[in-house]
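Asks: To start, I am sharing the structure in question, which I have written as structure tokens.
Bear in mind that the values in this text are calculations on the coordinates, not laboratory data. Quick caveat, the model's predicted, so the values are computed rather than measured. Note: ideal-geometry Cβ built from the backbone for every residue, glycine included; neighbour counts use all protein chains shown.
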Amino acid sequence: MLRAERPLSLYEGHGPATAALPVRVFAQSGVGTLVVTNAAGGVRQNLRPPALMLITDHINLTGRNPLVGLALAANSASPT
């Protein structure tokens, strides 16, 4: 098990390759499952803390695609 304290975010000025680096290191270290947590707000009145939500998409307001760089393996979903 590996744990990251704080992600490197695009909105903080990091480039996509830097932001994705921890996940790539995890993959190279043999991590097969990634669990990502997030504190997210919502507009639905019936969702109150500590309700759990499953986030299936996001709105990328940075104008940059974080899926950059070389693929790590032949079967990787990462673009080349």
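Asks: Scan (1) more than 13 Å from the chain's Cα centre (by Cα); (2) more than 22 Å from G63 (Cα to Cα) for the single condition A40 breaks and write down its number.
Replies: The failed condition is (2).
Asks: Give the number of residues within region 1-14 that are surrounded by 10 or more Cβ atoms within 10 Å (Cβ to Cβ), touching a residue at least 12 places away in the same chain (Cβ under 8 Å) and either over 11 Å from the mean Cα position of the chain (by Cα) or at positive phi (or both).
Replies: Residues meeting the conditions: 2.
Asks: Give me the pairs, please: first residue somewhere in region 18-38 and under 17 Å from V68 (Cβ atoms), second residue anywhere and assigned to a helix (DSSP H, G or I), beta-carbon distance under 8 Å, and either six or more positions apart or on two chains.
Replies: Once the first residue is under 17 Å from V68 (Cβ atoms) and sits in region 18-38, its partners that are assigned to a helix (DSSP H, G or I) give A19/L10.
A quick yes/no check of all residues on (1) surrounded by fewer than 11 Cβ atoms within 10 Å (Cβ to Cβ); (2) aliphatic (A, V, I, L, M); (3) part of a helix (DSSP H, G or I):
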residue	(1), (2), (3)
A19	no, yes, yes
P22	no, no, yes
F26	no, no, yes
T33	yes, no, no
N38	yes, no, no
N46	yes, no, no
